[in-house]
1. For the list (1) touching a helix residue (DSSP H, G or I) at 6+ places or on another chain (Cβ under 9 Å); (2) at pLDDT below 70; (3) surrounded by 13 or more Cβ atoms within 10 Å (Cβ to Cβ), I need the number of the one condition that residue 143 fails.
2. Report yes if some residue within region 144-163 is in a strand (DSSP E or B), touching a strand residue (DSSP E or B) at 6+ places or on another chain (Cβ under 9 Å) and within 18 Å of residue 18 (Cα to Cα); otherwise report no.
3. Just for region 155-165: of the residues that are touching a helix residue (DSSP H, G or I) at 6+ places or on another chain (Cβ under 9 Å) and modelled with pLDDT under 85, which one is nearest to residue 41 (Cα to Cα)?
4. Could you pull out every one of the strands (runs of 3 or more DSSP E) wholly within region 1-112 that has 2 or more residues that are at pLDDT below 70 and more than 22 Å from residue 129 (Cβ to Cβ)?
5. Just the residues that are out of contact with any strand residue (DSSP E or B) (no Cβ under 9 Å at 6 or more places or on another chain) and crowded, with 19+ Cβ neighbours inside 10 Å, please, taken from region 1-55.
6. What are the residue pairs meeting all of these: first residue in region 25-47, first residue without any contact (Cβ under 8 Å) to a residue 24 or more places away in the chain and at negative phi, second residue outside any loop (DSSP other than H, G, I, E, B) and surrounded by 17 or more Cβ atoms within 10 Å (Cβ to Cβ), Cβ atoms under 7 Å, and 6 or more apart or on different chains?
């Protein structure tokens, strides 16, 4: 069994209602049998905050996928992978060589891979929440409240003119 990344935008009076709408829509479109690789497999979410005004949900996802190449340890750390040859002697006394792909270099990055609007503690917390949701197919999805511009766009699809409706973006690895 594997995992697929799935994300989506949904609207509702609060985050719980928006998440329920998103998971129901995914189950309707992809079936109720389980292991669909969609948000229908997620049972909960963690709301990470609100997107800054100049950042779209797609910008957030792009930043999250870019930061997969680096890791956060109080600073950004980049790992370089390469082929490493290891020689060993097997049980018959024959010397064998195995090539594996391993981390060969760890360097500190001075520059953040995030866009300028997300280079603050709140923005980095949002990205780290989405990275955590990416690494755990059985864990909760990550969610974020969208900014006013994206909320207006999402509401125009189905809730035009209604008050108190907010838009949320959710994402995570889902079991498939």
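The values are calculated or read from the model by the stated rules, or taken from the named source; none is laboratory data. Nothing here was measured: the structure is a model prediction, and the numbers come from that model. We place every Cβ from the backbone using ideal geometry, glycine too, and count neighbours over all the protein chains shown.
1. (2)
2. Initially, region 144-163 is screened for residues in a strand (DSSP E or B), giving 144-145.
Subset that is touching a strand residue (DSSP E or B) at 6+ places or on another chain (Cβ under 9 Å): 144-145.
Keeping just the survivors that are within 18 Å of residue 18 (Cα to Cα) gives 144-145.
Looking for residues that are in a strand (DSSP E or B), touching a strand residue (DSSP E or B) at 6+ places or on another chain (Cβ under 9 Å) and within 18 Å of residue 18 (Cα to Cα), one finds at least one in region 144-163, hence yes.
3. Here is the first cut: in region 155-165, the ones touching a helix residue (DSSP H, G or I) at 6+ places or on another chain (Cβ under 9 Å) are 161-162, 165.
Now narrow it down to the ones that are modelled with pLDDT under 85: 161-162.
Values: 161: 32, 162: 30 Å.
That would be 162.
4. Values: elements: 3-12, 45-50, 70-72, 76-89, 95-109.
Once the strands (runs of 3 or more DSSP E) in region 1-112 are filtered for at least 2 residues that are at pLDDT below 70 and more than 22 Å from residue 129 (Cβ to Cβ), what remains is 76-89, 95-109.
5. Correct list: 55 only.
6. Within 7 Å, the pairs are 26/39; 26/40; 27/40; 30/40.
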